[in-house]
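One structure below.
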Amino acid sequence: MIGRVWRPEDEALLWRLEDEAIFEALFRFHVGSIANEATTPHARGSGLVHAARSLPNADDALDSATKGDVTKLARLLEAAPMAGRSPELLHHLALYFGEVASVLESAAPEAASNAWTRALAAWLALAEERSYLTRLEEAIRGAASSKDVMLPPERVPLEIVAELGKAAEATSRDLAPRGRVALSALSLRSIDDAVRLAGVGGDASARAHREAERRRNAALDAALAVIGEALDDANVRGELSSSGRAILLRAIDVWGWSGQDEAVEQFTVERIATIGWELYRASSWSALRYLLDPFRPMIEHLAARIEGDPSKVAFAASCAQMFVFLSDVQVVFTQKLDLAERAVRICPSHRNGRLVLAAALCEQAMIIMRNMVLFARRDEIDRVDAILARAESLYPRSTELPEARAMLERIRRGRIAL
């Protein structure tokens, strides 16, 4: 009887089958319950596990993985920096996390965005190595191919960014989850994370940021253009005040789709102002309140940005006008005053804000004075005087100021001061 011999090819087959099993478990770890037969990547992706064996501490992680726990392996592969890893591993990581992102896009947008960040980080690190991508392209195109048609290694990550931008722009009308994920992956924070995770900087970082900003802006412009065109058409028909709100409501959906992007907030407050002035001039206060109500969270969000960053002065006036409108339609006086104060705090030089706040301060002073029936405390008189002095400094031509000043003078002459 001839005994069985354990051949090298048998050993290789065993390793390959083990790698495939670990790879499938790793994939299911990253995509969770979403994984099914249709989403499981091809077995050749198990080259990721084989390439990972060269990493420090890989033995412990792979030992745990063979026992069914891939957590250590996942954390090892996700660790920063990626620069310095073998180009084969980086290539596998770039493709793997791109596949994970694609699977997660509809069901788990945030996790999908994180996966795209890791994929881009791997591409950035791989591009810095240069020689691997050059050899790979020569193998595909042929070494004799013209250098003019060869893609420089540093351009490869930008092609990934471009694809994300195209995905976002393609969904700018239906606002599909895929576009939301792409926009998130193109955000400043995500690109910062990708650069940090990759372990690159300088020119590579600058190129990635520029391309991501350009692509993200193009997608947002496309989404907002749909609203802008509809509003312009309504304006031509003379229906802006009656139908503008319904059209502009789509901006709330775009805001959510974009991850609450500042550009959407800026666009929205400018368009609200256009509609709002028509309603204001017509003294349609109920309609103005109805226009503003659904956009309060967006207005507040932009206001917080401006208050936290003085460099955003370009949109301070537009945002302040929103609070002027809100103050105009507010029926509770204390809230009316607070909103007027907010307008001037956002944009201290805003003419309408100063006018409305001055009027509100005069009203506040007169409310205090109306409560002075027989006696008037000196500190209260001083307080009223200070309020009116502030109102005058804000807007000297306030029509309410003479009446308030006259009322204060009568109190000084006719009340018993305590």
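On the basis of the beta-carbon distance and an R0 of 60 Å, GLN260 and ARG16 show a calculated FRET efficiency of 0.80.
Compute the FRET efficiency between ASP253 and ALA170 as 1/(1 + (r/R0)^6), taking r as their Cβ-Cβ distance and R0 = 25 Å, and round to the nearest 0.05.
Working: r = 17 Å, r/R0 = 0.67.
After rounding to 0.05, the efficiency reads 0.90.
I want to make sure I understand the PRE zone here: with the label point 7 angstrom from the Cα of ALA389 toward its beta carbon, which residues in the stretch 361-378 have backbone N atoms less than 16 Å away? Counting backbone N atoms under 16 Å from the label point, the list is 362, 365, 378.
Normalised by the number of residues in the stretch 74-202, the mean separation of alpha-carbon contacts (under 8 Å, six or more apart) gives a relative contact order of 34 percent.
Which of the peptides 290-296, 154-160 is most tightly packed, and how do the rest follow, going by the mean number of other Cβ atoms within 10 Å of each residue? Please list the in-between numbers first.
Values: 290-296: 16.0, 154-160: 18.7.
Peptide ranking by packing, descending: 154-160, 290-296.
What number, rounded to the nearest 500 deg cm²/dmol, is the helix-based mean residue ellipticity at 222 nm of the chain, given -39500 (n - 2.57) per DSSP H run of at least four residues and division by all its residues? Display every interim value, and only then the final one.
On the way: 21 runs with 304 residues, N = 418.
Helix-only estimate at 222 nm: -23500 deg cm²/dmol.
Between ARG135 and VAL373, what is 0.36 nm times their sequence separation minus the Cα-Cα distance? Round to one decimal in nm. Before the final figure, lay out each step's value.
Numbers: separation 238, 0.36 × 238 = 85.68 nm, distance 9.21 nm.
Between ARG135 and VAL373, full extension yields an extra 76.5 nm.
Note on the stretch 355-418 and the stretch 220-238: Cα centroid distance 47 Å, given to the nearest whole angstrom.
Subtract the Cα-Cα distance of SER284 and ARG214 from 0.36 nm times their separation in residues, and report this length gain in nm to one decimal.
Taking 0.36 nm per residue and subtracting the Cα distance, the gain is 21.2 nm.
With a simple spin-label model that places each label point 7 Å from the Cα along the Cα-to-Cβ direction, the separation between SER54 and HIS301 comes to 4.4 nm. If R0 is 35 Å, the Cβ-Cβ spacing of LYS72 and ALA162 corresponds to a FRET efficiency of close to 0.50. Proximity of backbone amide H atoms, modeled 1.01 Å from N, is registered between ALA376 and ILE416, ALA417, LEU418 at under 5 Å, excluding neighbours fewer than 5 places apart on the same chain. Ordering of 68-81, 227-240, 342-355 by packing is 342-355, 68-81, 227-240, highest average first (other Cβ atoms within 10 Å, averaged per residue).
The chain has equivalent-ellipsoid semi-axes of 64, 24, 19 Å, by the square roots of 5 times the alpha carbon gyration tensor eigenvalues, sorted largest first.
Inter-label distance, VAL236 to SER106: 3.8 nm, where each label sits 7 Å from its Cα along the C-beta direction.
Bear in mind these aren't lab numbers, they're just calculated from the coordinates by the rules spelled out. Only a predicted model underlies this, so the values are computations on that prediction, with no experimental measurement involved. We place every Cβ from the backbone using ideal geometry, glycine too, and count neighbours over all the protein chains shown.
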